[in-house]
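A short write-up of the structure that comes next.
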Amino acid sequence: MPASDQRKAIAALELDPLEAQIRQVFFFDTPDLALNAAGVVVRARRIQGKGGDSVVKLRPVVPDELPESLRTSPNLVVEVDAMPGGYVCSAALKGRTDALAVRRAAAGDHPIRKLFSKEQRAFFAEHAVAGAGLDELAVLGPLFVLKLNFRPTELDRRLVAELWFYPDGSRILELSTKCTAADAFQVAAESRAFLSGKGVDLSGEQQTKTKTALEFFSKELEAKV
């Protein structure tokens with residue numbers, strides 16, 4: 001959502017920041033974002049009251065071309081992220097980790113690779129660019145995020161609001177919902193109608209959280225050289 005409309009949207013949707021969950025997000029990539037250019041995203045998070053988690057994500061993917069052993073893994077999530085102007089299919093291999101371990105890895109006191117399971121490390125090695133080992137990646141972050149799940153009575157389905165805070169004071173507010181592929185068109189239409197009825201502007205320039213974060217911290221690293 002455009003920054004100029006965020007406060008208006010928060011008020012219109014009656015979002016209470018005190019009910020939000022605090023998250024601290026770290027990305028790992030080469031300084032020139034070679035992994036991102038190859039469609040690989042590596043991330044770890046510290047989550048208020050829930051420890052930490054990690055993910056190795058590949059996008060775009062063709063689900064049928066993924067190995068059967070990977071498709072049947074309980075840790076793999078394959079989904080289509082749709083937004084105005086396009087969509088992309090991604091495969092995210094998730095894992096649990098310790099919040100303190102994430103903090104120590106970000107500070108350089110703990111190997112980055114140990115934030116990820118053996119399954120995740122193998123997935124990463126298969127798709128990473130040459131010479132980009134997990135422990136050699138740059139730490140891009142942190143970002144502080146407020147995540148709030150809410151269910152408007154007029155819509156009767158769960159929505160998620162995420163407010164991402166960047167070190168330069170900028171913010172990205174994302175409103176999203178999930179559904180099956182069969183329900184996508186109906187859910188999209190109902191959600192757009194609900195948000196429009198609340199006065200939320202749906203025509204603004206779209207910004208993706210991950211891309212914005214990676215580009216911000218890559219420039220910060222470049223400035224330090």
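Taking segment 1-36 only, how many residues are farther than 17 Å from F123 by Cα, small (G, A, S) and surrounded by fewer than 18 Cβ atoms within 10 Å (Cβ to Cβ)? Reasoning before the result, please.
Going residue by residue through segment 1-36, those that are farther than 17 Å from F123 by Cα are 1-26, 30-33.
This time we only want the ones that are small (G, A, S), so: 3-4, 9, 11-12, 20.
Adding the requirement that they be surrounded by fewer than 18 Cβ atoms within 10 Å (Cβ to Cβ) leaves 3-4, 11-12.
Residues meeting the conditions: 4.
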- Task: Among the residues of segment 60-101, count how many are among the β-branched types (V, I, T) and in contact with a Leu (Cβ under 6 Å, 6 or more places away or on another chain).
- Result: 1
- Query: Just wondering, is there one or more residues in segment 60-83 that are within 29 Å of A20 (Cβ to Cβ) and of a type in the set (G, A, S)?
  - Reply: yes
- Task: Could you tell me which residue of segment 124-138 is nearest to F26 (Cα to Cα), considering only residues that are in contact (Cβ under 8 Å) with a residue 40 or more places away in the chain and assigned to a loop (DSSP other than H, G, I, E, B)?
- Result: L137
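Go through segment 31-123 and tell me which strands (runs of 3 or more DSSP E), entirely inside it, have 3 or more residues that are of a type in the set (G, A, S).
On the way: elements: 40-47, 51-58, 76-83, 86-97.
Result: 51-58, 86-97.
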- All positions within segment 188-217 that are over 16 Å from F150 (Cβ atoms) and either polar (S, T, N, Q) or without any contact (Cβ under 8 Å) to a residue 40 or more places away in the chain (or both): A189, R192, A193, S196, S203, Q206, Q207, T208, T210, T212
- Note on the structure: Residue set A20, A11; condition within 30 Å of S196 (Cα to Cα) and free of Cβ contacts under 8 Å to residues at least 12 places away in the same chain; output residue A11
- Determine if segment 189-196 includes at least one residue that is within 19 Å of the chain's Cα centre (by Cα) and not hydroxyl-bearing (S, T, Y). no
- Name every residue in segment 1-30 that is within 25 Å of A101 (Cα to Cα) and not in a strand (DSSP E or B), in order of residue number. A20, T30
- Item | Filter result (surrounded by fewer than 19 Cβ atoms within 10 Å (Cβ to Cβ) and more than 26 Å from P60 (Cβ to Cβ)) within segment 97-138 | D98, A99, L100, R103, R104, A107, G108, D109, H110, P111, K114, D135
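All of the numbers you see were taken from the coordinates with simple rules; none came from a lab. Bear in mind that the values here come from a model prediction, so they are computed numbers and not experimental data. Glycine gets a Cβ as well: all are built from the backbone with ideal geometry, and neighbour counts include every protein chain shown.
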